[in-house]
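Read through the structure below, which is laid out as structure tokens, and then see the notes.
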Amino acid sequence: LSPETLVLGDQMGMLSPDGRCKTFDESANGYVKGEGVGVVMLKRLSHALRDGDSIHALIRGSMENHGGKANFLTAPNPEAQRRLLVDAYERAGVDPARVSYIETHGTGTELGDPIEVEALRDAFAELAKRRGQELSGEPHCGLGTVKSNIGHLEPAAGIARSEEHTSELQSHSDLVCR
């Protein structure tokens, strides 16, 4: 941990001056830093079943990308995000019409959040077209982010989201997609 990253983030206008992350809100004005750590035990499904382990969640696929050149650190590349989403859903064999919730990056920045939503919308439209489906005009998928509750944990942000959703799945069995 270093104070330089906090000072630089503040100087660049990335941090919320009121200390609140307001993702997808018209009053979004930056993100809030947080600290955290998490640990997850990963095991092949076949091995967990064989060993009689409790299975709390199943990872159908994962991907990563880099947005490439951008105008600003908090300005993600919507085309890179769209491509990543399309590739991830296709590789995992997940029908986007069955997705009811997406945990977004959602930093609460005025510029970044709308770009992320645009990339999701474009990716779902492309995936629907490839499957011969039509997107209804009605939203069918909730968006959220753990950052609004605990801040941006930066290196631990992904694990925080994973642990949050595993806990939700355990508490609300009606959320499980089969």
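The values are calculated or read from the model by the stated rules, or taken from the named source; none is laboratory data. Everything numeric here is computed off the predicted structure, so don't read it as measured data. Because the Cβ atoms are built from the backbone with ideal geometry, glycine has one as well, and the counts that use them run over all protein chains shown. These area figures cover heavy atoms from the full protein model, side chains too; ligands, DNA and RNA do not enter into them. Shrake-Rupley method; radii C 1.70, N 1.55, O 1.52, S 1.80 Å.
Would you say residue 84 is exposed (fewer than 12 other Cβ atoms within 10 Å of the Cβ) and among the aliphatic types (A, V, I, L, M)? No: the conditions fail for residue 84.
Could we say that residue 6 is among the hydrophobic types (A, V, I, L, M, F, W, C) and either within 29 Å of residue 96 (Cβ to Cβ) or without any contact (Cβ under 8 Å) to a residue 24 or more places away in the chain (or both) here? Considered against the rule, which asks whether it is among the hydrophobic types (A, V, I, L, M, F, W, C) and either within 29 Å of residue 96 (Cβ to Cβ) or without any contact (Cβ under 8 Å) to a residue 24 or more places away in the chain (or both), residue 6 comes out as no. For region 1-28, a residue qualifies if it is touching a Gly at 6+ places or on another chain (Cβ under 9 Å), polar (S, T, N, Q) and modelled with pLDDT of 90 or more, and exactly one does: 16.
Of the conditions (1) part of a helix (DSSP H, G or I); (2) over 26 Å from residue 19 (Cα atoms), residue 69 clears all except one; give me its number. With (1) part of a helix (DSSP H, G or I); (2) over 26 Å from residue 19 (Cα atoms) applied to residue 69, the lone miss is (1). Restricted to region 97-135, and to residues there that are in a helix (DSSP H, G or I) and farther than 30 Å from residue 30 by Cβ, the residue that is most open to solvent (accessible area, probe 1.4 Å) is 129. Residue pairs whose Cβ atoms lie under 8 Å apart, sitting 6 or more positions apart in sequence or on different chains, and linking a residue in region 34-56 that is within 30 Å of residue 2 (Cβ to Cβ) and in contact (Cβ under 8 Å) with a residue 12 or more places away in the chain to a partner that is open to solvent by 70 Å² or more (accessible area, probe 1.4 Å) and outside any loop (DSSP other than H, G, I, E, B), are 34/150; 36/150; 38/163; 40/163. Residues that are open to solvent by 80 Å² or more (accessible area, probe 1.4 Å) and either acidic (Asp, Glu) or touching a Cys at 6+ places or on another chain (Cβ under 6 Å) (or both) within region 1-28 comprise 4, 10, 18, 26, listed in sequence order. Cβ-Cβ distances below 7 Å connect the following pairs, each with a first residue in region 120-147 that is within 28 Å of residue 109 (Cα to Cα) and touching a residue at least 24 places away in the same chain (Cβ under 8 Å), a second residue that is outside any strand (DSSP E or B) and aromatic (Phe, Trp, Tyr), and a separation of six or more residues or different chains: 127/89; 143/24. If the condition is being closer than 20 Å to residue 154 by Cα and either modelled with pLDDT of 90 or more or open to solvent by 50 Å² or more (accessible area, probe 1.4 Å) (or both), then region 29-56 contributes 29, 33, 35, 37, 39, 40.
So, residue 154, is that one touching a residue at least 40 places away in the same chain (Cβ under 8 Å), open to solvent by 40 Å² or more (accessible area, probe 1.4 Å) and more than 18 Å from residue 24 (Cα to Cα) or not? The answer is yes for residue 154. Taken as a whole, the structure leaves residue 97 outside the set of residues that are modelled with pLDDT of 90 or more and within 18 Å of residue 61 (Cβ to Cβ).
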